[in-house]
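Every number in this text was worked out from the coordinates using simple rules, so none of it is lab data. This structure is a prediction, so every number in the text was calculated from the model and none was measured. A quick note on method: Cβ atoms are made from the backbone with ideal geometry, for glycine too, and the neighbour counts reach across all protein chains shown.
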Amino acid sequence: MDISKRKILSWVNVLTILLYALFTFILLLHHEIWADEAQAWLVVRDLDFSGLISHVRTEGHPLLWYFTIFPFAKLLNSNFSIFSMQIVNWFIVVLAMGVWVFRSPFNIFAKISMLLSSGFLYWYAIIARSYCFIPLFVFLLAIFYPKQKEHPFVYALLIIALANTHLIVFGFCFALALVFLYKNRNDKKALIASSLVFLSFICIVIYLWGSQNENYIVRNAFKFPFWDGVKDTYERMIFNFYGSQKIVFSVILSLFLSFSGLFLFFKNKAMFFVYLMSIIYQVALYVLVWGQLPQRTYSLFLVIVFCFWVMFNDLSKRLKNLVNFALIIAFLASFPTALFLIKQEWEKDFSDGLNVANFIEQNIPQDAFIVSNYPLTTVSISVYLPQNKGKWKFYYPAYKDYYTFTHWNKTINPSFTPLPLADYLKDKKEIYVLLSAGSVYEDLKPLYSSTDKVCNNQEKFKIYKITREQMYGTN
């Protein structure tokens, strides 16, 4: 490529990443925090360091994301300081996309198609969770894969960092570590580096060991028979990639996964091993332990991108074009879903937590007794309320205590269960009941009710004010 073409391509790359950063930032300003985002922030905000380490294992996650937002949650004392977490997430994803655009070997159309997919135009960039690290570390690993002999400790550190983002990439990391060990089995530095990687894996396993049994939701989740679970997993994959289970998307995903597997098998056995291990691990995790989310599902695309990236420069021009075409089709097929999600985010509230928090501050006394029916969703309200102790506390009967964040190792009743009221009115003149996730008292008029302009049905809320006189007809 001559200098003038290189210059043009460089400016195209700069413009692409700037437009991506600007667009996602504007969209971020319209996003209301929902439960999964709020939970991590509240855990870090309301626990000391030892309490944080003790609690997070019940979440079933490694600690990297919690440590990343720790200084922001502790130093910023504002109802809206959680926006700093959203900015951190957005910045990390934009950085990852910068690495993708400027350093990946694929053509500009494949690069742009990834930016336009629902995973990267919306899920990773807008929803602030630990998944934001996954693209960045995967891309950096692809860059350092051919340099692992020269920089074994950098490569090992990147595997360790990725393993500490989320349990969903643990199989991928383990496969990479095995390949790293095998390829460099006669290199002393690489052996030490790979030993550190496996030691870190052991630490993660020890830390999370038994967390499934300590997490009430996971422990009591309905488990399919194995092959039914595999079928359900694949159907959810299609939906999480493309927002629909239409036959066309099933064909696209099936062809893409089949093409990737066969291509890697014949062209690079090491990458085929990494690909196969990652798929088997993720499917087993979804079937036996954990539910799917779009960011988790998209991590499988990142595994495939990594494998193609590593071997790309060794391919003929014809095969490079074939790989680029496969990536373009696979990613662009989700663009309509990205547009739908963006339109929905723009026109509606993702969660009603912010509106409810504002209503509570303006209309309910600070020392009021507020009892909730489902702590998993009300965290999106707590995150916007003042953190001063004693103000607008929520009480959950199954916990027999007040709370701000969800305690996974305690009983959590079904979301559709309304609360019996009589027990609370024995010693209180009035109570406020906060219902979410579809619960309702048919014979009572709510003080507050979420509108239909809320995307997340689980986080539509109703607030009832109930007095002893209403209940018993006497003071």
The chain - charge dipole about Cα centre, Lys and Arg +1 at Cβ, Asp and Glu -1, debye rounded to 20: 1580
Antiparallel %, DSSP beta bridges [both residues in segment 353-472], to 5: 70
Ranked LEU158, LEU253, criterion: other C-beta atoms within 10 Å, fewest first: LEU253, LEU158
Normalised contact order of the chain, rounded percent, pairs of Cα under 8 Å and 6 or more residues apart: 19
Rounded, prolate or oblate (a/c below 1.5 giving rounded, otherwise prolate when a/b exceeds b/c) for segment 353-472 by Cα gyration tensor: rounded
Cross-link reach list, lysines versus LYS267, counting only Cα pairs under 18 Å and skipping chain neighbours closer than eight places: LYS183, LYS317, LYS320
Within the chain, helix-based [θ] at 222 nm, where runs of 4 or more DSSP H residues each add -39,500 (n - 2.57), nearest 500: -19500 deg cm²/dmol
Restricting segment 368-402 to chymotrypsin sites (Phe, Trp or Tyr not before Pro) in coil, as DSSP defines it, with at most 12 other Cβ within 10 Å: none
Contour minus Cα-Cα distance for LEU322 and GLU150 (0.36 nm per residue): 58.8 nm
Reachable aspartates and glutamates, given that their alpha-carbon falls under 14 Å from the alpha-carbon of LYS74 and they are not under 8 places away in the same chain: ASP46, ASP48
Residue range of the chain that is longest and free of GluC sites (Glu not before Pro) which are both DSSP loop and sparsely packed (at most 14 other C-beta within 10 Å): 151-441
When each of LYS393/LYS429; LYS400/LYS428; LYS7/LYS149 is checked by Cα-Cα distance, pairs over 22 Å: LYS7/LYS149
Among [x] 22.8, 66; [y] 22.4, 72; [z] 24.3, 89, the entry that matches Rg and Dmax of the Cα atoms in Å as calculated here: [z]
Ranked VAL93, VAL383, VAL454, criterion: other C-beta atoms within 10 Å, fewest first: VAL454, VAL93, VAL383
Spatial separation of Cα centroids for segment 1-59 and segment 163-198, in angstrom: 26
Whether segment 115-214 is rounded, prolate or oblate, judged on the alpha carbon gyration tensor where a/c under 1.5 counts as rounded: oblate
Overall form of segment 230-359 per C-alpha gyration tensor (a/c, 1.5; a/b vs b/c): prolate
Set of lysines near LYS231 by C-alpha distance (under 19 Å), chain-local residues within fewer than 8 positions excluded: LYS223, LYS246
Assigned charges on the beta-carbon of Lys, Arg, Asp, Glu; segment 353-472 dipole about Cα centre (debye): 200
Relative contact order (%) - criterion: Cα under 8 Å, at least six apart; region: segment 353-472: 26
